[in-house]
Amino acid sequence: MSVNISGIRQLERELMRRFGSNRTQQIVDIALLAGANVFVQELKRQFESFKDTGASISEITISQPTTVGGARSVKVHWRGPKGRYRVIHLNEWGTVNNPNPEGKGAIARALRNAAEAYRNAIKRELRRGL
């Protein structure tokens, strides 16, 4: 999935000029966390259809915002006592013995379904912060 947005550099410079780098980073971090929460809710909805013990759903975690390659980002990953991070890719892609598991493509579906709501959450939080 790719999106072409023009004018981002000018917007960033203007925000830095008005608010300073620390306040701008705080606003962006809040917006990223709000967007990640929207995505996680959709991801949990997609995982409900094939849950067994619910460990894959309960171990979904959102990282703190970090700078990666010059851009702020958050990571949605699996952390918990049952170690579901080891098998998530098997549900998403299948295996040789089970090429079409029940949850195949759940993460990709969640990404597609939450794209518009994610953008709206980001916009809403950026507007609130400004």
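Give me the residue from the range 71-105 that is within 22 Å of Ala34 (Cβ to Cβ) and outside any loop (DSSP other than H, G, I, E, B) and, out of that set, nearest to the chain's Cα centre (by Cα). Reasoning before the result, please.
Let us first name the residues in the range 71-105 that are within 22 Å of Ala34 (Cβ to Cβ), namely 71-79.
Checking the rest, the ones that are also outside any loop (DSSP other than H, G, I, E, B) come to 71-73, 76-78.
Values: Ala71: 14, Arg72: 12, Ser73: 9, Val76: 5, His77: 9, Trp78: 12 Å.
Restricting to residues being within 22 Å of Ala34 (Cβ to Cβ) and outside any loop (DSSP other than H, G, I, E, B), the top hit is Val76.
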For Glu14, only one of the following conditions fails: (1) touching a Phe, Trp or Tyr at 6+ places or on another chain (Cβ under 9 Å); (2) open to solvent by 40 Å² or more (accessible area, probe 1.4 Å); (3) not β-branched (Val, Ile, Thr). What is its number? (1)
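With respect to Glu116, determine if the residue is under 29 Å from Arg18 (Cα atoms), exposed (fewer than 15 other Cβ atoms within 10 Å of the Cβ) and charged (D, E, K, R). Talk me through it step by step, then tell me what you get.
Details: under 29 Å from Arg18 (Cα atoms): yes; exposed (fewer than 15 other Cβ atoms within 10 Å of the Cβ): yes; charged (D, E, K, R): yes.
Yes; evaluated as a whole, the condition is true for this residue.
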Is the range 22-33 home to any residue that is free of Cβ contacts under 8 Å to residues at least 12 places away in the same chain and open to solvent by 40 Å² or more (accessible area, probe 1.4 Å)? yes
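If you scan the range 64-110, which residues turn out to be under 20 Å from Ile30 (Cα atoms) and aliphatic (A, V, I, L, M)? Even if it seems obvious, please write down each step before you answer.
Kept after step one, since they are under 20 Å from Ile30 (Cα atoms), are these residues of the range 64-110: 64-77.
Correct list: Val68, Ala71, Val74, Val76.
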Which pairs do you get when a residue that is touching a residue at least 12 places away in the same chain (Cβ under 8 Å) and open to solvent by less than 50 Å² (accessible area, probe 1.4 Å), found in the range 79-103, comes within reach of a residue that is β-branched (Val, Ile, Thr) and not in a loop (DSSP other than H, G, I, E, B), reach meaning Cβ atoms under 6 angstrom, with the pair 6+ apart or on two chains? Glu92/Ile107
Within the range 35-70, can you find the residues that are surrounded by fewer than 14 Cβ atoms within 10 Å (Cβ to Cβ), among the charged types (D, E, K, R) and part of a loop (DSSP other than H, G, I, E, B)? Asp52
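The values are calculated or read from the model by the stated rules, or taken from the named source; none is laboratory data. Just so it is clear, the structure is predicted and the values come from calculations on it, not from any experiment. Using ideal geometry, Cβ is built from the backbone for each residue, glycine included, and neighbour counts are taken over all protein chains shown. We work out accessible area using only protein heavy atoms, side chains counted, and drop any ligands, DNA or RNA first. Shrake-Rupley method; radii C 1.70, N 1.55, O 1.52, S 1.80 Å.
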